[in-house]
């Protein structure tokens, strides 16, 4: 008899979502979809909240600073991993960009209520693991991992 046991890194769910840059017409749509998916999987409210928050901040950054991007979601028995990969201007000084309140947002972005310089800090603070890489003229990649707590019930 064979037992079907998931290894800790086996994906329970995996999908990529496109994000259009330079527009706020659909801003927040991907993070709302991801929030609904994670709720359906019966993840704890805290894990869902944190994953939705980091996804939203990453999505707004793509809308604000990139031509286009993708958000990749991967759920395993132990982690929710969100990767946001954009094709955009890149970040000149990551250390500076990580400082609370620092922003390169345009006046247009600020008038819409975005660009306060809190996004990357929020992403880092609400992730159990956070990595950012960027190449000028090519784009930025964010990887956020949130540990799933013991309340996980599966799909």
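The values are calculated or read from the model by the stated rules, or taken from the named source; none is laboratory data. Given the structure is predicted, the values throughout are model-derived calculations rather than measurements. FYI the Cβ positions are ideal-geometry reconstructions off the backbone, even for glycines, and counts take in every protein chain you see.
Observations, loosely collected:
- Any chance residue 68 is at pLDDT 95 or above, assigned to a strand (DSSP E or B), more than 16 Å from residue 50 (Cβ to Cβ) and touching a helix residue (DSSP H, G or I) at 6+ places or on another chain (Cβ under 9 Å): yes
- For residue 54: the one exception among (1) under 13 Å from residue 144 (Cβ atoms); (2) surrounded by fewer than 19 Cβ atoms within 10 Å (Cβ to Cβ): (2)
- The listed residue being assigned to a strand (DSSP E or B) and in contact (Cβ under 8 Å) with a residue 60 or more places away in the chain, out of 19, 54: 19
- Just one of (1) surrounded by 14 or more Cβ atoms within 10 Å (Cβ to Cβ); (2) touching a strand residue (DSSP E or B) at 6+ places or on another chain (Cβ under 6 Å); (3) farther than 17 Å from residue 128 by Cα; (4) in contact (Cβ under 8 Å) with a residue 60 or more places away in the chain fails for residue 14. It is (1).
- Top-ranked residue of the range 21-40 - restricted to ones that are surrounded by fewer than 20 Cβ atoms within 10 Å (Cβ to Cβ) and at pLDDT 95 or above, ranked as farthest from residue 103 (Cα to Cα): 40
- Single residue of 127, 134 found to be in contact (Cβ under 8 Å) with a residue 24 or more places away in the chain, buried (at least 16 other Cβ atoms within 10 Å of the Cβ) and not in a loop (DSSP other than H, G, I, E, B): 134
- Residue 92, sole failed condition from (1) farther than 23 Å from residue 18 by Cα; (2) surrounded by 21 or more Cβ atoms within 10 Å (Cβ to Cβ): (2)
- Single match in 135, 111 (criterion: more than 28 Å from residue 13 (Cβ to Cβ), out of contact with any helix residue (DSSP H, G or I) (no Cβ under 6 Å at 6 or more places or on another chain) and at pLDDT below 95): 111
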